[in-house]
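What follows is one structure encoded as structure tokens, with my remarks underneath.
The values are calculated or read from the model by the stated rules, or taken from the named source; none is laboratory data. This is a predicted model, so every value here is computed, not measured. Neighbour counts are summed over all protein chains in view; Cβ atoms, including those assigned to glycine, are modelled from backbone coordinates with ideal geometry. Heads up: the accessible areas ignore ligands, DNA and RNA and are worked out on the full protein's heavy atoms, side chains in. Shrake-Rupley method; radii C 1.70, N 1.55, O 1.52, S 1.80 Å.
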Amino acid sequence: MNSPVLDAVAAEAPVHAAAAPPSRRIGVLLVNLGTPDSPGTNDVRRYLNEFLTDGRVIDIPAAVRYPLFQGIVVPLRAPKSAKIYKQLWTERGSPLLFHGLDLQEKVQAQLGPGYVVAFGMRYQNPSIAKALEELRAAAVERIIVLPLFPQYASASTGSVQEKVMDIVKDWWIVPSINFISAFGSDPAFIATIVALGQRELDRHHYDHIVFSYHGIPERHIKKGDPTSYCKFGSCCDSLTDANRYCYRAQCFETSRLVAAGLGLTPEQYTVSFQSRLGRDPWLKPYTDIALVDFPAKGIKNVLAFSPAFTADCLETTIEVGDEFKELFEEAGGEHWQLVPSLNSEPQWVDAVTAMIRRH
């Protein structure tokens, strides 16, 4: 016996069976430090105000930090920094920004439609809040956060993690969030640096290699070392469970791995630290002091790496590339060459993509 109702249901059944369920995509948040919106003094001041009042960067009480930096340090420093940023700026704007956007685009293309890749800056624009909102609007199932700092430090990766959690705590629905806290010993990351370095070594003979990392105050290491393991010495000769989050130990480990990839002996390279601020002791040796002694030791040709940075920025292009070169030559050096950052090199894009897929 035929039924008009059953016939109607049967007719519609194939349509429902063929309908695809809504896709569940994974969100990826790439984060770098930050940059002014322009090299103008006002924009640089806004950037420095946000950066230097971060309690993980300047770890002094807020009652002292805000009036000191917003009222004295930043107003004095902004005009000087603006002049330096004007040297750095290109037709595409800030290198840290456009290299980040290029990396986002290329990683998205490799990962495909199952992922949504967003890019944000810890300070200024595009903000982490804006990038997270893009992922929330895409209804991603979970989020992988990759701060683009190879070695973990509270002032960089830790600050990004804190900011992300501060934002999502106000979301009604918070998806699973996975942080990639450090990748300074990741084989693909190391291989990319080695490839860029070898490219420079094939072009010129060098007497010595310098691995210059962004410095942090020694007290930052001590605050993250509840067992008092770190002695700022041979304790960093290997990366272990006891010091795996020690920034200094991670920097030495990255250097050892890159040196091994380039076939260097310990005598052929120096690990040092740059960009210190204030009078408190920072991680040593200081790059700007160490390099001045090189020519007297017969080291006249130096190849410099900046393995704490994954994209060209003020600290690499200007500080290591230009200012250190000038200091070296004034001391009697002949040739100082900076190895470019990873930026959006194809091999680096592959490395980032692989890291994300593993997580």
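Within region 276-296, which residues are surrounded by 20 or more Cβ atoms within 10 Å (Cβ to Cβ), assigned to a helix (DSSP H, G or I) and not polar (S, T, N, Q)?
Leu291
Of the residues that make up region 289-299, is at least one touching a Ser or Thr at 6+ places or on another chain (Cβ under 9 Å) and within 21 Å of Phe189 (Cβ to Cβ)?
No, region 289-299 contains no residue that is touching a Ser or Thr at 6+ places or on another chain (Cβ under 9 Å) and within 21 Å of Phe189 (Cβ to Cβ).
Go through region 241-280 and give me each residue that's more than 15 Å from Ser181 (Cα to Cα) and at pLDDT below 95.
Of everything in region 241-280, those that are more than 15 Å from Ser181 (Cα to Cα) and at pLDDT below 95 turn out to be Ala242, Ser275, Arg276, Leu277, Gly278, Arg279, Asp280.
Any idea which residue in region 319-343 is nearest to Lys86 (Cα to Cα), counting only those that are assigned to a strand (DSSP E or B) and of a type in the set (A, V, I, L, M, F, W, C)? Steps first, answer last, please.
Of region 319-343, the ones assigned to a strand (DSSP E or B) are 335-338.
Narrowing the set further to residues that are of a type in the set (A, V, I, L, M, F, W, C) leaves 336, 338.
On the way: Trp336: 23, Leu338: 20 Å.
Filtering first and then ranking leaves Leu338.
Cβ-Cβ distance below 7 Å, separation of 6 or more or different chains: which pairs start in region 277-302 with a residue that is hydroxyl-bearing (Ser, Thr, Tyr) and end on one that is part of a loop (DSSP other than H, G, I, E, B)?
Tyr286/Arg276
Determine, yes or no, whether Thr316 is touching a residue at least 12 places away in the same chain (Cβ under 8 Å), assigned to a helix (DSSP H, G or I) and either buried (at least 21 other Cβ atoms within 10 Å of the Cβ) or under 24 Å from the mean Cα position of the chain (by Cα) (or both).
Yes: the conditions hold for Thr316.
Among the residues of region 104-119, how many are over 24 Å from Gly34 (Cα atoms), out of contact with any strand residue (DSSP E or B) (no Cβ under 7 Å at 6 or more places or on another chain) and surrounded by 16 or more Cβ atoms within 10 Å (Cβ to Cβ)?
The number of residues fulfilling the criteria is 1.
Return the pair list, or none, for Cβ contacts closer than 8 Å from residues in region 345-359 that are touching a residue at least 12 places away in the same chain (Cβ under 8 Å) to residues that are among the polar types (S, T, N, Q) and open to solvent by less than 60 Å² (accessible area, probe 1.4 Å), at least 6 apart or on different chains.
That search, which allows pairs on different chains as well, returns Glu345/Thr192; Gln347/Thr192; Trp348/Thr192; Trp348/Thr310; Ala351/Thr192; His359/Asn178.
Kindly provide the set of residues from region 181-219 that are farther than 28 Å from Asp293 by Cα and either among the acidic types (Asp, Glu) or buried (at least 18 other Cβ atoms within 10 Å of the Cβ) (or both), ordered by number. Working first, answer last.
Taking region 181-219 as the starting set, the residues that turn out to be farther than 28 Å from Asp293 by Cα are 181-192, 195.
Correct list: Ala182, Phe183, Gly184, Asp186, Phe189, Ile190, Thr192.
Could you check region 90-103 and list, in sequence order, the residues that are open to solvent by 20 Å² or more (accessible area, probe 1.4 Å) and in a helix (DSSP H, G or I)?
We begin by selecting, within region 90-103, every residue open to solvent by 20 Å² or more (accessible area, probe 1.4 Å); these are 90-92, 97-99, 101-102.
Within region 90-103, Leu97, Phe98, His99, Leu101, Asp102 meet the criteria.
Based on this model, can you work out whether Thr240 counts as of a type outside the set (Lys, Arg) and open to solvent by 10 Å² or more (accessible area, probe 1.4 Å)? Step through it out loud before you land on a result.
Values: of a type outside the set (Lys, Arg): yes; open to solvent by 10 Å² or more (accessible area, probe 1.4 Å): yes.
When the stated conditions are applied, Thr240 passes them.
Residues of region 178-188 being under 18 Å from Ala153 (Cα atoms) and of a type in the set (A, V, I, L, M, F, W, C), which ones? First the steps, then the outcome.
Start the filter on region 178-188 by keeping residues that are under 18 Å from Ala153 (Cα atoms), which leaves 178-186.
If the condition is that a residue be under 18 Å from Ala153 (Cα atoms) and of a type in the set (A, V, I, L, M, F, W, C), then Phe179, Ile180, Ala182, Phe183 are the ones that fit.
Quick one: is Glu267 among the acidic types (Asp, Glu), out of contact with any Leu (no Cβ under 8 Å at 6 or more places or on another chain) and open to solvent by 30 Å² or more (accessible area, probe 1.4 Å)? It would help to see each step written out before you state the result.
On the way: among the acidic types (Asp, Glu): yes; out of contact with any Leu (no Cβ under 8 Å at 6 or more places or on another chain): yes; open to solvent by 30 Å² or more (accessible area, probe 1.4 Å): yes.
Answer is yes for this residue.
When you scan region 344-359, how many residues do you find that are in a helix (DSSP H, G or I) and open to solvent by less than 60 Å² (accessible area, probe 1.4 Å)? Walk me through how you get there before you give the answer.
First, the residues of region 344-359 that are in a helix (DSSP H, G or I): 346-358.
Retained after the next criterion (residues that are open to solvent by less than 60 Å² (accessible area, probe 1.4 Å)): 348-349, 351-356.
Result for region 344-359: 8.
Report whether or not Phe273 is crowded, with 23+ Cβ neighbours inside 10 Å and outside any strand (DSSP E or B).
Numbers: crowded, with 23+ Cβ neighbours inside 10 Å: yes; outside any strand (DSSP E or B): no.
So Phe273 fails the test.
Mind checking which residues of region 26-53 are over 22 Å from Ile84 (Cα atoms) and open to solvent by 10 Å² or more (accessible area, probe 1.4 Å)?
Quick first cut of region 26-53, residues over 22 Å from Ile84 (Cα atoms) only: 26-31.
Hit for region 26-53 is Ile26, nothing else.
Which residues, counting only those in region 43-85, are polar (S, T, N, Q) and touching a residue at least 24 places away in the same chain (Cβ under 8 Å)?
Taking region 43-85 first, the residues polar (S, T, N, Q) are 49, 53, 70, 81.
Asn49, Ser81 - these are the residues of region 43-85 that are polar (S, T, N, Q) and touching a residue at least 24 places away in the same chain (Cβ under 8 Å).
Collect the residues in region 54-89 that are open to solvent by 50 Å² or more (accessible area, probe 1.4 Å), touching a Ser or Thr at 6+ places or on another chain (Cβ under 7 Å) and of a type outside the set (Ser, Thr, Tyr), keeping them in residue-number order.
Of everything in region 54-89, those that are open to solvent by 50 Å² or more (accessible area, probe 1.4 Å), touching a Ser or Thr at 6+ places or on another chain (Cβ under 7 Å) and of a type outside the set (Ser, Thr, Tyr) turn out to be Arg56, Gln70, Pro79.
Matching residues to (1) of a type outside the set (A, V, I, L, M, F, W, C); (2) free of Cβ contacts under 8 Å to residues at least 12 places away in the same chain; (3) closer than 23 Å to Ala308 by Cβ:
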| position | (1), (2), (3) |
| --- | --- |
| Tyr115 | yes, no, no |
| Ile173 | no, yes, no |
| Ile180 | no, no, yes |
| Gly215 | yes, no, yes |
